[in-house]
1. Being at pLDDT 95 or above and surrounded by 15 or more Cβ atoms within 10 Å (Cβ to Cβ) is the filter here; which residues of segment 18-28 pass it?
2. Counting only residues that are under 17 Å from Val116 (Cα atoms), among the β-branched types (Val, Ile, Thr) and touching a helix residue (DSSP H, G or I) at 6+ places or on another chain (Cβ under 8 Å), give me the strands (runs of 3 or more DSSP E) lying completely in segment 1-74 with at least 3 of them.
Amino acid sequence: MQQHNARILIIEDEEDVCLLLADILSQEGHAIATASDGRAGLALFQQQSFDIVFTDLAMPNMTGWQVAEEVKKIDTQVPVILITGWSMQTEEKEMYKSHVDMIVTKPFTVDEIVAVLTRALALRQTQGTG
């Protein structure tokens with residue numbers, strides 16, 4: 001049973017990447033909000049309820065790591081997915097300490113985004129019931 005109609009926040013300063021992600025996720029049946037930097041994204045996150053956050057790593061003013069930390073201060077149940085153009089090998093302990101649940105590297109495929117979204121929705125469901 002797949003959960004649909006999740007509210008997803010995308011924080012990404014590259015407009016093309018943001019539009020592509022929004023397109024993929026909305027075609028999967030989800031409601032999308034976007035922000036072009038961490039501060040704007042966190043302001044949206046504080047005003048509205050979101051089930052999942054996708055955030056770019058390298059952005060002006062605030063990194064994706066900082067966004068993840070702030071999101072988790074507000075709601076520990078929300079999975080945070082870090083998007084990066086850098087190749088990263090991050091241990092699970094490091095990801096947990098940095099409040100990031102999953103990492104997607106650019107360039108990504110539609111299938112990769114759908115797969116990580118499915119994992120994030122499952123994580124959200126288990127956290128919500130645990």
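1. Cys18, Leu20, Leu21, Ala22, Ile24, Leu25
2. Because the criterion is at least 3 residues that are under 17 Å from Val116 (Cα atoms), among the β-branched types (Val, Ile, Thr) and touching a helix residue (DSSP H, G or I) at 6+ places or on another chain (Cβ under 8 Å), the strands (runs of 3 or more DSSP E) in segment 1-74 that meet it are 7-11, 52-56.
The values are calculated or read from the model by the stated rules, or taken from the named source; none is laboratory data. Since this is a predicted model, take the numbers as computed values, not measurements. Please note: Cβ atoms are built from the backbone with ideal geometry, for glycine as well, and neighbour counts cover all protein chains shown.
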